[in-house]
Structure formats: C-alpha cells, structure tokens
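The values are calculated or read from the model by the stated rules, or taken from the named source; none is laboratory data. On a predicted model such as this, the values are computed, not experimentally measured, just so you know. Glycine also receives a Cβ, built like all others from the backbone with ideal geometry; neighbour counts cover every protein chain displayed. In case anyone asks, the SASA skips ligands and DNA or RNA and just uses the protein heavy atoms, side chains included. Shrake-Rupley method; radii C 1.70, N 1.55, O 1.52, S 1.80 Å.
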There are 2 protein chains.
Amino acid sequence: MVDTLKNILEQKATNLRIHSITSTSEAGSGHPTTCLSAADIVSALFFHAMRYDCTDAQNPNNDRFILSKGHAAPLLYAAYAEAGIIPVDDLATLRQVDSILEGHPTPRFEWTEVATGSLGQGLSLGLGMALNGKYLDKSDYRVYVLLGDGETAEGGVWEAAALASHYKLDNLIGIIDVNALGQSQRTMYAFDIDTYCQRFEAFGWQTIGIDGHDYDEILPALEKAKASNDKPTMIVAKTYKGKGVSFLENEDNWHGKAVEKGEQLDKALAELGPLHTDVPIQIQTPNPIDNQTSTASACEPPEYASDEEVATRGGYGIGLAKLGKANPNVVALDGDTKNSTYSEQFMESYPDRFFEMFIAEQNLVGAGIGLAKRGKIPYVSTFAAFLSRGYDQIRMSAISQANIKYAGSHCGVSIGEDGPSQMGLEDLAMFRAIPDAVVLYPSDAVAAERLVAEAAAHEGIVYIRTSRPKTAILYDATESFPIGGSKVVKKSDDDKVSVVTAGVTLHEALKAHEILAAEGTAIRVIDLYSIKPVDTETLLAAAAETNNAIITVEDHYPEGGLGDAVLDAVATEDIRVHKLAVTGIPRSGKPDELLELHGISANAIVQKVKAIVC
Amino acid sequence: MVDTLKNILEQKATNLRIHSITSTSEAGSGHPTTCLSAADIVSALFFHAMRYDCTDAQNPNNDRFILSKGHAAPLLYAAYAEAGIIPVDDLATLRQVDSILEGHPTPRFEWTEVATGSLGQGLSLGLGMALNGKYLDKSDYRVYVLLGDGETAEGGVWEAAALASHYKLDNLIGIIDVNALGQSQRTMYAFDIDTYCQRFEAFGWQTIGIDGHDYDEILPALEKAKASNDKPTMIVAKTYKGKGVSFLENEDNWHGKAVEKGEQLDKALAELGPLHTDVPIQIQTPNPIDNQTSTASACEPPEYASDEEVATRGGYGIGLAKLGKANPNVVALDGDTKNSTYSEQFMESYPDRFFEMFIAEQNLVGAGIGLAKRGKIPYVSTFAAFLSRGYDQIRMSAISQANIKYAGSHCGVSIGEDGPSQMGLEDLAMFRAIPDAVVLYPSDAVAAERLVAEAAAHEGIVYIRTSRPKTAILYDATESFPIGGSKVVKKSDDDKVSVVTAGVTLHEALKAHEILAAEGTAIRVIDLYSIKPVDTETLLAAAAETNNAIITVEDHYPEGGLGDAVLDAVATEDIRVHKLAVTGIPRSGKPDELLELHGISANAIVQKVKAIVC
C-alpha cells in the first residue's frame, strides 16, 4: 500500500515537472528550476496530505495552500491540472495576456488562496488563515505554506514565526524548499538544514529536517506535522533546484530562465519521460463542518454632546466597537498600539475577535489579508506612520483583491511633541496610489464612526486616517457620509475662494473662516472626508462659484495627498489650486506650534486667502 | 578599584534617572519609565565601555551608539549631559519647539548617530555602521545598539541579525532591555531571557543573559562582547521598566506617561535622592586611526552606438560601475537582485565596496542609512516594487538626513509576463512624498548613466527609477541632465499639445509623434526625467505654446507620480492636464500588450491627442 502510494506520488511529481518545464518553455519565461525542486513536496501535499473539495475553491473547510515562493506558480497550476480541476491544455497559456494563469499567482485564478510573488509574505498570510481556522471558524482545516529558502531572510517570515507559536497555531504547517540557490547567488546557508531547524525551533516551532525528494521522509514528516499539538510545524526540506533534469539540477544561473524550445527542451523531456496517465489519486475532501452565515445589522448611531471634544481616533474606537456588535464578521488587529488607536474598545467588547499582533506591522497586514481571504472583514490598526512598514503587504493586498480595512492614527504634525518618527505624513500618498482603494479622512468623531461603518459596507480596500488631538463635534448624529461625498460646511453667495480640507485642518479652516468673516471676507469651506474617490462634482461647482480658485490644506506632505487628489479632479478645468501642506521635515513641539511652523494653521490659511483674493 | 567604578556608574545612573524624569515632567510628555529600565546599561556604556571624543560627534573612530528604542531619547540626552557634552540645563527644553532635544532623536541634535523612533530599525542601522567599520574604514570602532524587548518582534531585527552573523560583525554589540512591558500590554515573552538568547544564538550571535541592573553582570558582559571574534554579541538584560521609583517600577500603564509635576514628581525625586555632582568619570577616547579623505573625479562618459538598444537598468549598471571608479566613497548594496538591477557590474569591479544583503529589503535600506551616516555614498538597488518593503526605513532616512541613493528597477507594466507582484507602480508616489527627495526617471541608457553621477553629486536622498526593456539610445553622450531639468525632444511651431513623459512611455510618445505627424498633427514631446524637482519653467513655456494643454503619460499608477508632479507644477495656472497612467491592477502579458491594455501605449497617446485636439 505504501509503495503504491509512493509510486502514485512519484508519477504525479514527474507530471508536475513535465508541466512546469513545458508551460514555461511555451511562455518563453518563468521559473522552472524552482518548480522542479518542490515538485515532490507539492505532489505529496496535493495528492495525499491535503483535504480539499475539487468542485469548490472557496469551501471554507478546505485545507489552504499558500505558495509563498510565488515564482513557482507553474508548479501550482500544474498541481491543479493534475488534480483534474483545470484542463491540462490550459497550462500552455501560462503568462499570456488573456490567461488566468499568470506569472505569479493572483486571484484571477480562483484557486489562488491569496496573491504572492513578493517573497517572505506567505507565512503571514497563512498565519491569518490559521488564526481564522483555529479561533474563529473553529474549522479543522490546515494551512500549508511552501517557502523558498532565500526568502527566509525576509523579516516578515520571523514576525509570522513568532506570532504563530505565540498563538499555538498547530494548524499551520510550513515547508521550506532548501535548494540553496537564490536569484543571483547561493543563499547564506546553502544546504545547512540544521540552521533553519534551529532557528524555527528557537521561535517555538516543531521542526523536521528531511530529504525533500524522498517520500520515506516527506510523508512521515507531514503526518508528524498534522499530529502537532499547540505548535506550528516547519518542515525543512533539502532539495535540488532543477531536480529531475540533469543539466538543470543544482546548477547556478538557471533562476528565472525557461528551457528553450527545441533541442534543450527535448533533452529535458526525454530525461523526465512521458506524462503518466490515469494515475489513481484520491483527494480527501474536507470535513463538512457547519459554517453559519452571519448577517450584519446597522450600527448604533453616534452620541456626543454638541460641546464635546473628541479626537477622530476616539470616534474610530467607538465606531469599531459598535461595528463589532453589528457585524459578526468584523475582526480587529493591532500592533501594540491599541491604547492609542483605540482599537482596544473593540477588544474589550469582543476579545475573541481581536488579535494583538505586537510590534510587527508586516505580519499585522499579512495576517489581516489572510483573514480577509477567509471571509472576515479585518480592521488593521496602528499609527499611520507605521503602516509604511507594511507597504509591500498593503500593495499585495490590492493584487489579492482583499476586503481589508486599514486605520492609521496619529497622522500629521498635529500629534505634537513625539516628533516626526511618529507622524503619518505620507500615508495618503501611499493609499491613494493603491488601485481602487477608498481613502477616508474624517474631521470629527461623528464622521469617524460613520466612516467605520461605511468601510465595512464597501467591498475592497479602505483606509481611514485618524488624528490624535481632540476636536469639536461638527456634525449631527443623523448625518450620512457616503464614500465619494463631501460636506460643504461653510457657504455664502460671496465666497471668494473655496478652502478644501479635512481632519484637524478643517478645524483650522473654520477658525480662518471666522477670522476672515470678521474682516469682511467670505470663504467656502469644504470637508473632503473622502479623498479617494473625490467628490468632483462638488469641487467643480464650488470652484465655479468662487472665482475658479481652490485652496487645499492638509496635515500631510505636499505630494500625493488631499491637494493632489483635488488637483487630479480639476485637472482638465481652468481652476487654480493653491496647496497648503506640511513644509519640510517636522519636529517636536506643541500641536498648535507645529501647525503654525509648518504652514497649515488657521493663520496660514488666512494669509493664503488674502494673497489670492487681493 | 572595581567598587569605585561601580559607585561611579551607579551615581551616574541615578543622575540619568533623575534627568529622565525631570525633563519629561517638564515637557509634560515622554517615556520616562522606558528610560529608567535602561539607565544602568547606558551608564556602563557611556561612562566606561564606549570610546568617544567628547569634542567631536563625527569623529570617524568614535564608538557608535544607536538608540533603537528611540522613545528613550531623554535618557540619551541625559547621557550626553552627564558626559559634559551638553549643559544639564538644556535637558529642561526637551520636546520644545525650539529645542534640538526632540521627542525621538533626530540629527538636529548632532550626537544623534541616526534618527530612530520607528522601532526595529536600530540593528540594521548599526549593521551598516559595523560593515563600514570592519570592511571599509578598517577602524576598530564598535557599534552599540540598545533595543527594547517589544521591538524584537519586528522582522527588521531578524534581517539584521542574520546578516550580522553572516558578515562576522564582531564589532556589533546589541543590548536588549527586557523590561517585559510593551506599549499596550506585556510582551510575548515577559522576562523569559532564555528565549531571547536562544533565538539570537540560533541566528549566529554570541549571547549573554544578565541582570540589567547589576554591574557585576553588566560589566563582564560588555567585556566578553568586546572580546568576541567573528560573531556579533547580543546582551539580553533583564530589567524593570520604571526602575528606581517605587510607584513606577514594573507597573502596567506607565508607558509614554510623564510623571506629573507636583506631588508625584516630588515623591519620585525624593526616592532617587539628589543629583550626584563631581562624579569622576573617565571617558576613553578613540584610537587615532588615520582616515584618508578621498576625492572624486569625473565619471567616464557614456559610450553607445547610436543604433544600440539598451535598457535604462543596463545604463544604471554601467553608470554605477563608472561611478565606483570615479568616487571611492561610493558603495553599493543589493537584495539578491544584482543580476536584474545590474548592480552586479559594480560588484565585479569593486567587490570590496559591494554588499550582498540577500532577500531582506528593510535591512537593505537600514544598512544603507548606517553607511551613509558614516560618510559613504550608498547606492541601494532592488526592484522598484520591493523598495515598498523598506518604506518605513526610507521614510526614516529622510528624518536622518541621510545622503543615500535608491535605485528601483523593473518599474511598471513594461516588465511584462512576471506580472503585478514584480511591477513598481507606486514607487514615484512613495519617493515624491519624501521631503527634499530627488526623483529621477531616465529614458535612455545615456541619461541613466548621467543621472547616476548626478545623484552622487547631490547631497541628500535620490531615487532613480529604471526599466526592464531595452530601448533606443536617444541622447548624445555629451548631453547633460541636471537635476530639475527636462529635455524637449520634439518641438515645432505647430504643436497642438505637449506630451510630457519619461521612461518607456517616452519611447511610446515618440512613436505617437510619428503616427500623428504622418496624419498632419504636431505634438511637443518632453522628457521629464526629473520628476522631483520638476522643470516648471519648461512646462509652463510649453503649455503656453500648445494651447495650454498637457498630456502626461507614465508607466505607474495614476496617483502620486509624474502626472501629479506636472499637475502640481501648473496648479495655479489655467493649464489643462490630461493624465494617462496604468489603469486597474495589471496582469501578465507581453510588454507591448500590457502597455496597450493599460492605456499607456503609443496608440493610447494618439487617441488622447485626437480627443483633445479635435
């Protein structure tokens, strides 16, 4: 029986190798040698160890497979072809412009759990899915993550490693394909399997070193991994890049090179032999655990006294807790800043749906993506400045089409004395650049609460920017804040210019409005709480009524933020936009001093209005 | 003698505690408890172990101290006051808007080696300085990095840990202040010193666990660390947050809180006792190793046949090698992509000045910053997309005022079949948002070479964006490319619109120019190789001659890039800007197919011109 299983898996592995080579040769590009090193492992996973429903990629109880070494995509597609899920002929369309089988896996191919290709992210993505399985869905699915050895240099791997053992994720199984060859040279540790094992062991994992081409080692290792109690497992597999083809095996300089059609390809295929047909695989199906669907209800409305001063981060915390009550699919994650972002209010009410991710923002984001792909609606909170630590993961979350919400607090110079290292000053630029991201910047706590709820109702990436200082309540609890909208907060028939802003600088604009009104100058003030998409209609209408002149103000650097969003909206009109933003690298000081010093205070707005109007 | 040393260090430590508390109480904010846990260690370092020239912060042979836990800034300033370098009275100016003693250390205070405050970066910064000391300057200085325990959850710490042992940096000594309390809760490991030791040991470090408040353990540990051969050392110190003041010591909820002036402060100071005066410290001075200053010469000019096709990344590689010849201060770092970015050409000529940093971009950037602060001119190369992995470090490099150059290759959809995970599509937005960064986007190999040299001549952050596909040589080898300039490559008296672009889309614009010319429509074509600063003068002049209409084209997402840079330049003029950029999330395909599919091809430009002109 065992021999038959080995024969089956060997035959399938050979098929995987053949497909990896032929598809990349057909495409003229790709990474066949990296596929060849992992083929035996992938065969064991897909045709023996993993349980999945071949008719339903999204079955919530499927074991999950994450190809952290995303450049082995041809191997992934080959596995699904050999599982009978996609036609083998489709493999020849690899990398073509109208194929779902792309160079690195994206969700355009429905069996891609989550997009990869930027190395060192898979373990975080898998961790998120494992957290979901163990603690939320209470499903018995396992999460398998296949990593390359070179990518374990990425810090993101070690963030995930620490969190995985801390959270006792025995349903998370990693396999490192140690083929010793990186992209441009040998890795730091070559075939030193022990070093990898020692490191993961030190990080609290069960570790098993194996020959990655020997089923007598692969299969028991997978069984041992499955039997783990309370610890994640890392299988460290010694392999050869290019295994199975003599002129590729363990050779330098073959990374990212396809075998040339013609003599070279023929030679490789001759060595591998013909495709094995009618290999009797049996793919286990997942346990039919009952997954209740939950419906969301409306959030309780905001409740502030009209003279209260509440920071938008405060409104965020309250709103997130209310959302937690209304929507059981919402989960929250934070990076040891919950008492600053106020995500702790969600934690206090719904501790089972809150995950403390400690000071590790790459993993904070990656785990959030994993949770989103498993049907949860994650709110990922930290300081706006520290979201920059996870920008590669944020970038990839768009490619993954993840329904994930980001919240960045402590934006701008208005945080005061802590100084520039803590100030989010480029976060609007970061998130505006993400395709289809919604970027929201509430100006009071009412708006903050409402936008938290709007974000949940929206399918896709949303970024909410919050501030540290307490500010006045501007809006009635019954106001609505649709995405893509804005609020005209001050308007008259004599407005000389439109001041478009949000956040703390909206309050500065209101002060400026008062100062100028006392001097007989009227200005329109618009709260552009939706930075992307922007309310182009309102902007154009306002400009038309105010001498085609707009002043933008933002607690953010000049590039890429609110001002640029307005510029973009009016680009093809003859409207003049004067941008006020944070000038130079900020420093420590009181919030009001810094607003003044960096040119975005009420006074700066007044001066700019006068300069334009006169 | 030993007792006297202990007494001295204890007295100094008490003074450091007093200053940490009084300065933060005066400021009304700050992190005194985090200072108190590390005071004994810092005393041992500053008044015994470290060698530095009190008259010269920049002495190239000083031991370097990096406060990775940057929020302990008051402790750092106190140490320099107790060393007699700054007046004790200055400490009372902490966090004030006109003080150089900011909330987290910045180079406005000249003794700050490098800005910190975003956790988990200090070890990378120190690694860069250690690489410089051991391999470049051949100086015997040591680099001491003080980390918090919570921040060791950051992956950046483990990237640096792996590289440090790989490069045998025995001149790098880390100390972790294990006080068990993070910002919002206990750390994952509390006082489990062994776990920290095991992890750093597994990463190839010598590790020493100590009581961080006992000089009988601190001093021998530092000696053992100094004696290390070929291995970096991590001292793991058990400490108590708030040590020295009873109501602060090891108490929750004191992170980031100053002691209130009045009763609370009086009580704390009473416990610590009065400042010790006339404590007889002896600060060792560094060895006077001769550091030769090197002068730079001019780079050899570009040399291409006029019909050659060379990718701008190719020009970058050639230019970087030529720069290496001309300027001995230039060093290069890469993240296992040197055969794609072509930084390998520098490596081949100047292997002693090239550092392979493996697949770990946070550390790639951080080490580069460390090298820059030690007087080198580092060129940090990887794929543009993967620079997003180091965006927090890039952000901090601006606060550090680092003279560092970044190069991102494989920008845009024009990389083709590898697909979106490998495409840099938001890198211009990232770098434009960095204050005073220069952002350059060469369109041919001649320009690429020249801009590599321009970058070195410029003091400050420079980003150079390069492309994968081979493109025609556009410029004569004698052309110059000043920062802030542009090239008008096609011009006539009948130009109907100005097409402003760079990189591969400049070549598309030239094709469009031909197509339109054949149809009798003339367009101006401008190579905006300097995206920041932009050549506003040329843009305004061109628009004035072309119906106040500009079309921008870029192989980048619509937000934050070349189009936004042009919009910003003409914001207050009545000039209409039509932006062409990558629409939607790209996919795999041939480069030409993708340019077409995503709306930035010659054809797309032709269509846009016709839509505007007609």
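How would you order B:118-125, A:485-492, A:174-181, B:180-187 from highest to lowest mean count of nearby Cβ atoms within 10 Å?
Per-residue mean Cβ counts within 10 Å order the peptides as B:118-125, A:174-181, B:180-187, A:485-492.
Given charges of +1 on the Cβ of Lys and Arg and -1 on the Cβ of Asp and Glu, with all other atoms neutral, how large is the dipole of the range A:311-472 about its Cα centre, in debye to the nearest 20?
Computed about the Cα centre, the dipole is about 340 debye.
At 7 Å along the Cα-to-beta-carbon direction for both A:Glu348 and A:Asp574, put a label point, then send me their distance in nm to one decimal.
My value for the distance between the label points is 5.7 nm.
Let me know the shape class of the range A:487-613, please: from the alpha-carbon gyration tensor, a ≥ b ≥ c as square roots of the eigenvalues, rounded when a/c is under 1.5, otherwise prolate if a/b is greater than b/c, or oblate.
Cα axes put the range A:487-613 in the oblate bin.
Choose one of A:Phe191, A:Ala161, A:Asn62: the residue whose Cα lies farthest towards the positive end of the charge dipole of the range A:2-272 (beta-carbon charges +1 Lys, Arg; -1 Asp, Glu; about the Cα centre).
Comparing the listed Cα positions along the dipole, A:Ala161 ranks first.
Estimate for me the total accessible surface buried between chains B and A (protein heavy atoms, probe 1.4 Å, no ligands or nucleic acids), in Å² to the nearest 100.
In total, this chain pair buries about 8400 Å².
Once R0 is set to 45 Å, what does the formula 1/(1 + (r/R0)^6) return for the Cβ-Cβ distance between B:Glu545 and A:Asp592, expressed as a FRET efficiency to the nearest 0.05?
The computed FRET efficiency comes out at 0.45.
Placing +1 on the Cβ of each Lys and Arg and -1 on the Cβ of each Asp and Glu in the protein assembly as shown, which of B:Ala268, A:Gln292, A:Val279 has its Cα farthest towards the positive end of the resulting dipole?
Among B:Ala268, A:Gln292, A:Val279, the one farthest towards the positive end of the dipole of the protein assembly as shown is A:Val279.
Can you give the calculated 222 nm mean residue ellipticity of the protein assembly as shown, where each DSSP H run of n ≥ 4 adds -39,500 (n - 2.57) and the sum is split over every residue, rounded to the nearest 500 deg cm²/dmol?
-11000 deg cm²/dmol
List the lysines whose Cα sits under 17 Å from the Cα of B:Lys579, skipping any in the same chain fewer than 8 residues away.
Output for B:Lys579: A:Lys532, B:Lys496, B:Lys608, B:Lys610.
For B:Asn253 and B:Ile612, calculate 0.36 nm times their separation in residues minus their Cα-Cα distance, and state this gained length in nm to one decimal.
Additional length available on full extension: 123.1 nm.
What's the ranking of B:48-58, A:210-220 by average number of surrounding C-beta atoms within 10 Å, highest first?
A:210-220, B:48-58
Roughly speaking, what is the stretch gain from B:Ser480 to B:Leu275, that is 0.36 nm per residue apart minus the C-alpha to C-alpha distance, in nm to one decimal?
67.7 nm
State the extension gain, in nm to one decimal, for the chain segment bounded by A:Glu260 and A:Lys325, taking 0.36 nm per residue of separation less the distance between their alpha-carbons.
Roughly 17.6 nm would be gained on extension.
According to a simple spin-label model (label point 7 Å from Cα along Cα-to-Cβ), what is the distance in nm between A:Ala517 and A:Lys224?
About 7.5 nm, to one decimal.
Out of all DSSP beta bridges in the range B:2-272, what portion is antiparallel? Express it as a percent rounded to 5.
The antiparallel fraction comes to roughly 5 percent.
Just to verify a number: FRET efficiency for B:Cys54 and A:Asp192, C-beta to C-beta distance, R0 = 41 Å, to 0.05?
0.35
Considering every residue in A:118-130, what mean count of other chain Cβ atoms within 10 Å of its Cβ is obtained?
Rounded to a whole number, the mean comes out at 2.
Once you have a ≥ b ≥ c as the square roots of the Cα gyration tensor eigenvalues for the protein assembly as shown, tell me rounded if a/c is under 1.5, and otherwise prolate or oblate according to whether a/b is larger than b/c.
Rounded, because the longest to shortest axis ratio a/c is under 1.5.
At 1.4 Å probe size, with every protein chain present, just tell me what the per residue accessible area of the range B:2-272 comes to in Å².
Averaged over the residues of the range B:2-272, the accessible area is 29 Å².
Determine how large the accessible area of B:Glu459 is when every protein chain is in place; take a 1.4 Å probe and give Å² rounded to the nearest 10.
The value for B:Glu459 is about 140 Å².
Counting only protein heavy atoms, what percent of the accessible surface of chain A is carbon or sulfur at a 1.4 Å probe?
46
Return the subset of B:Lys69/B:Lys376; B:Lys69/B:Lys231; A:Lys238/B:Lys470; A:Lys69/B:Lys590 for which the Cα-Cα distance in this structure is over 31 Å, preserving the input order.
Flagged as over cut-off: A:Lys238/B:Lys470.
When you look at the Cβ of every residue in A:579-588, what mean number of other chain Cβ atoms sits within 10 Å?
5
Under the definition of partner shielding as Cβ atoms of other protein chains within 10 Å of a residue Cβ, what is the mean value for peptide B:156-168?
4
Determine the residues within the range B:189-215 where the difference in accessible area between the chain on its own and the full set of protein chains amounts to at least 40 Å²; count protein heavy atoms only and use a 1.4 Å probe.
When all protein chains are present, B:Arg199, B:Ala202, B:Phe203 each give up 40 Å² or more of accessible surface.
Taking the Cα centre of chain B as origin, sum charge times position over the Cβ atoms of Lys and Arg (+1) and Asp and Glu (-1), and report the length of that vector in debye to the nearest 20.
So the dipole magnitude of chain B works out to roughly 280 debye.
Hey, got the dipole for the protein assembly as shown? About the Cα centre, +1 on K and R Cβ, -1 on D and E Cβ, debye to the nearest 20?
Here the protein assembly as shown has a charge dipole of around 260 debye.
B:Asp89 to B:Ala457: FRET efficiency via 1/(1 + (r/R0)^6), r the Cβ-Cβ distance, R0 41 Å, to the nearest 0.05?
0.50
What do you get for the angle between helix A:215-226 and the principal long axis of chain A? Use alpha-carbon atoms, 0 to 90 degrees, nearest ten.
The angle comes out near 40 degrees.
Give the aspartates and glutamates whose C-alpha is closer than 12 Å to that of A:Lys490, dropping any in the same chain fewer than 8 places away, or say none.
Within reach: A:Glu514, A:Asp527.
Using a label position 7 Å from Cα in the Cα→Cβ direction, what is the ascending list of nm distances from B:Thr536 to the same site in the other copies?
In ascending order, 2.6 nm.
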